[in-house]
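Rule-based calculations on the coordinates, nothing more; no lab input. Every value quoted in this text rests on a predicted model; they were computed, and no experiment measured them. We place every Cβ from the backbone using ideal geometry, glycine too, and count neighbours over all the protein chains shown.
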Amino acid sequence: MSNLFTRTISAVVALMLLGLSVKFGRSSLYLLCFVSSLLSLTEFSGLLRRVGSVTHFEFKVIRIGFVILGSILFVFASRYSQYLIITFPLAFVVLAAAVSWFVARKENLSELLPMLNMLFLGFIYCSVLPSVSVRLIELGVGVFLCHLSVVFGGDIFAYFFGRFLGKYKLHEALSPKKTIEGSIGGLLGSLLLGFGLGPQIGFEIPMLQGIILFAVTGLFAQLGDLFESFLKRYAQVKDSGFIMPGHGGVLDRLDGVLFSSPVFLLIYFLFSRN
């Protein structure tokens, strides 16, 4: 089975799941965001094993604590954001204390800071950033779907432009297969899907504002893809997970969504106020 066929089947299944969630209303979309955050936390916690040399039992404790506290953070970030300034430091301190105990008692102090940095990054990447999608849903399902269209449209165009026209490497150290031609095609795809699907799903925006919104969102989505590549290089893994055949894990598929959601929300908010 070719990789393209496998990727297509996985994408169709994901689109069907998204379509069912839209059909059943905002509550199901909130649930979809929560499940995505939960799976992201689980995948990211697997990367922690590559950072520090803890025992299997200690790693399980850290992983379970990371997923539970991260899920709580997602709920507060998406539904009770006014308490995030309390819950985020508290969750990090609780887990950091356990990690420090496990690592420092073996005198592996050189591993402690990288693990703490990864924990802090993981909470932002897998808990706080997914909560932004909940904010987009609250602004309107059309806003949420338009953001996804811009990101995934860019992914699709970047894949085919890079595959058939790619010649010059974008950043070979991070991702050897990505090309400048693919990146340009991705930005074009973000613009086309944004303007093409936006009106069909209830998202209307003036031309100039749309160009800015879709282009900047597409750019940050590509940066998110490169950032995920960096994480995998750092942890020395090919994919963050295996839940989506042909794509890898949830983080492999949602990296662009996570990275671009705050800038999409910010620009949309600024334009909507004028």
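Computed over the chain, the P(r) tail beyond 28 angstrom holds 38 percent of alpha carbon pairs.
The fraction of all Cα pairs in the range 112-263 landing in successive 5 Å bins from 0 to the largest distance is 2, 10, 17, 22, 20, 15, 9, 5, 1, 0, 0, given as whole percents. Counted by neighbouring Cβ atoms within 10 Å, the residues Tyr125, Tyr268, Tyr168 run from fewest to most as Tyr168, Tyr268, Tyr125. Longest stretch of the chain clear of exposed loop sites (trypsin sites (Lys or Arg not before Pro), DSSP loop, at most 11 other Cβ atoms within 10 Å, sites excluded): 1-104.
All alpha carbon pair distances within the range 4-104 were sorted into 5 Å bins beginning at 0; the resulting P(r) in whole percents reads 2, 11, 16, 17, 16, 13, 11, 8, 4, 1, 0. Full extension of the chain between Phe269 and Val12 yields a length gain of 89.4 nm, computed as 0.36 nm times the residue separation minus the alpha carbon distance.
Computed extension length for Val93-Glu172: 24.8 nm, one decimal, from 0.36 nm per residue of separation with the Cα-Cα distance subtracted.
Each part reduced to its alpha carbon centroid, the range 86-107 and the range 190-231 end up 38 Å apart. Taking the chain as a Gaussian network of alpha-carbon nodes connected by springs under 10 Å, the highest mean-square fluctuation of the residues Ile85, Ile64, Ile156 belongs to Ile85. Per residue, the chain reaches -26500 deg cm²/dmol at 222 nm when only DSSP H runs of four or more residues are counted, each adding -39500 (n - 2.57).
Pairs of C-alpha atoms in the range 43-160 farther apart than 24 Å represent 40 percent of all such pairs.
Here the dipole of the chain is about 280 debye; that uses its Cα centre as origin and unit charges on the Cβ of Lys and Arg (positive) and Asp and Glu (negative).
Quote the FRET efficiency, to the nearest 0.05, computed for Leu165 versus Glu204 with a Förster distance R0 of 30 Å and r equal to the Cβ-Cβ distance. It comes out at approximately 0.40.
How many Å³ per residue does the convex hull of the Cα positions in the range 99-150 occupy?
73 Å³
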